[in-house]
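Visitor: I'd like to ask some things about the structure below.
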Amino acid sequence: MSVPKYKRIVLKLSGEALAGEKGFGLSPEIIKTVAAQVKDVTDLGVEVAVVVGGGNIWRGKIGSEMGMDRTTADYMGMLATVMNSLALQDALEKLGVETRVSSSIEMRQVAEPYIRRKAIRHLEKKRVVIFAAGTGNPYFSTDTTAALRAAEIEADVILMAKNNVDGVYSADPMKDKNAVKYTDLTYLEVISQGLEVMDSTASTLCMDNDIPLVVFSIMDNGNIKKAVLGESIGTVVRRNG
């Protein structure tokens, strides 16, 4: 059996990745595929935590454009992540994978409140933990949530699964045919060059806590397992080159 490179991971999924080609809402086929890929990783004995975005249901930026208060718009986005988390939990448990949704906003009827020690205990028992509702605070993205939770649970890596690109590029490859794909970067390069990997708060958190980041495409089946095994896919971002 292949030996995983990482023992404990944080998998960051964008909300759009769960929408598939529709770009909005949830795609049952995509959720089932992602759940199956997560199961493949847990079968290797890897401890898996997941952070899911909510952009397939609501984006705070849209609320701002509507003239909505930023804080209200952000809280709506947090609730969207809870919906995605519950959908992923259901798909995982249908495959026999024990899963807990841990929410930064208390809603005891549907999810556990986030408690660091409890989340770590779940991971040690090989349960998948899905961190929902972001950090529980407005003005912070789910990228920052992934970085913060990874630091708190002492994860070995953040695996950032994208639905529209297969790594980090010098420019948007959908708009610029001359965009160059990077295989390795440092967080300082990401921040100084303004590369759209994750927001600067998240990048700084990862850099300060020496948490590596692997950016890859979720659309190729089996890529999560490949990333966990340390295969060369996508782009790796580290504190030092």
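Visitor: Could we say that Asn164 is outside any strand (DSSP E or B), modelled with pLDDT under 95 and either over 15 Å from the mean Cα position of the chain (by Cα) or on the phi > 0 side of the Ramachandran plot (or both) here?
Guide: Values: outside any strand (DSSP E or B): yes; modelled with pLDDT under 95: yes; either over 15 Å from the mean Cα position of the chain (by Cα) or on the phi > 0 side of the Ramachandran plot (or both): no.
No, not satisfied.
Visitor: Same structure, new question: Give the residue that is surrounded by the fewest Cβ atoms within 10 Å (Cβ to Cβ), with candidates limited to residues of the range 201-238 that are basic (Lys, Arg) and under 17 Å from Ala17 (Cβ atoms).
Guide: Step one: of the range 201-238, the residues basic (Lys, Arg) are 225-226, 238.
Pick out the ones that are also under 17 Å from Ala17 (Cβ atoms) and you get 225-226.
Numbers: Lys225: 19, Lys226: 17.
Only one residue fits best here, namely Lys226.
A quick yes/no check of all residues on (1) under 26 Å from Ile31 (Cβ atoms); (2) charged (D, E, K, R); (3) in contact (Cβ under 8 Å) with a residue 24 or more places away in the chain; (4) outside any strand (DSSP E or B):
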| residue | (1), (2), (3), (4) |
| --- | --- |
| Lys118 | yes, yes, no, yes |
| Ile130 | yes, no, yes, no |
| Asp172 | no, yes, yes, yes |
| Val190 | no, no, yes, yes |
| Thr201 | no, no, yes, yes |
| Leu205 | no, no, yes, yes |
| Glu231 | yes, yes, no, yes |
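Visitor: Going by the conditions given, is Gly60 of a type outside the set (S, T, N, Q), in contact with an Asp or Glu (Cβ under 7 Å, 6 or more places away or on another chain), surrounded by 14 or more Cβ atoms within 10 Å (Cβ to Cβ) and on the phi < 0 side of the Ramachandran plot? It would help to see each step written out before you state the result.
Guide: Working: of a type outside the set (S, T, N, Q): yes; in contact with an Asp or Glu (Cβ under 7 Å, 6 or more places away or on another chain): yes; surrounded by 14 or more Cβ atoms within 10 Å (Cβ to Cβ): yes; on the phi < 0 side of the Ramachandran plot: yes.
Spelling it out, Gly60 is indeed of a type outside the set (S, T, N, Q), in contact with an Asp or Glu (Cβ under 7 Å, 6 or more places away or on another chain), surrounded by 14 or more Cβ atoms within 10 Å (Cβ to Cβ) and on the phi < 0 side of the Ramachandran plot.
Visitor: Please work out which one of (1) under 23 Å from Gly136 (Cα atoms); (2) buried (at least 18 other Cβ atoms within 10 Å of the Cβ) is the condition Met66 fails and give its number.
Guide: Among (1) under 23 Å from Gly136 (Cα atoms); (2) buried (at least 18 other Cβ atoms within 10 Å of the Cβ), Met66 violates only (2).
Visitor: Can you go through Ala17, Ala36 and tell me which one is surrounded by fewer than 24 Cβ atoms within 10 Å (Cβ to Cβ), of a type in the set (A, V, I, L, M) and part of a helix (DSSP H, G or I)?
Guide: Ala36
Visitor: What about Lys126, is it touching a residue at least 12 places away in the same chain (Cβ under 8 Å), surrounded by fewer than 17 Cβ atoms within 10 Å (Cβ to Cβ), in a helix (DSSP H, G or I) and of a type outside the set (Gly, Ala, Ser)? Lay out the reasoning, then the answer.
Guide: On the way: touching a residue at least 12 places away in the same chain (Cβ under 8 Å): yes; surrounded by fewer than 17 Cβ atoms within 10 Å (Cβ to Cβ): yes; in a helix (DSSP H, G or I): no; of a type outside the set (Gly, Ala, Ser): yes.
Answer is no for this residue.
Visitor: Let me ask something else. If only one of Ala155, Ala132, Ala161, Ala151 is under 22 Å from Gln89 (Cβ atoms), surrounded by fewer than 24 Cβ atoms within 10 Å (Cβ to Cβ) and of a type in the set (A, V, I, L, M, F, W, C), which one is it?
Guide: Working: Ala155 fails: surrounded by fewer than 24 Cβ atoms within 10 Å (Cβ to Cβ); Ala132 fails: surrounded by fewer than 24 Cβ atoms within 10 Å (Cβ to Cβ); Ala151 fails: under 22 Å from Gln89 (Cβ atoms).
Checking each option against the conditions leaves just Ala161.
Visitor: Within the range 44-79, track down each residue that is within 20 Å of Ile31 (Cα to Cα) and of a type in the set (Phe, Trp, Tyr).
Guide: Trp58 - this is the single residue of the range 44-79 that is within 20 Å of Ile31 (Cα to Cα) and of a type in the set (Phe, Trp, Tyr).
Per-residue answers, yes or no, for (1) in contact with a helix residue (DSSP H, G or I) (Cβ under 6 Å, 6 or more places away or on another chain); (2) under 23 Å from Leu79 (Cα atoms):
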{"site": "Val110", "(1), (2)": "no, yes"}
{"site": "Ala133", "(1), (2)": "yes, yes"}
{"site": "Ala146", "(1), (2)": "no, yes"}
{"site": "Glu154", "(1), (2)": "no, no"}
{"site": "Lys162", "(1), (2)": "no, yes"}
{"site": "Val165", "(1), (2)": "no, no"}
{"site": "Pro173", "(1), (2)": "no, no"}
{"site": "Asn178", "(1), (2)": "no, no"}
{"site": "Tyr182", "(1), (2)": "no, no"}
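Visitor: Looking at the range 1-22, which of its residues are touching a strand residue (DSSP E or B) at 6+ places or on another chain (Cβ under 7 Å) and closer than 20 Å to Glu154 by Cβ?
Guide: Tyr6, Lys7, Arg8, Ile9, Val10, Leu11, Lys12
The values are calculated or read from the model by the stated rules, or taken from the named source; none is laboratory data. Everything numeric in this text was worked out from a predicted model, so none of it was measured. FYI the Cβ positions are ideal-geometry reconstructions off the backbone, even for glycines, and counts take in every protein chain you see.
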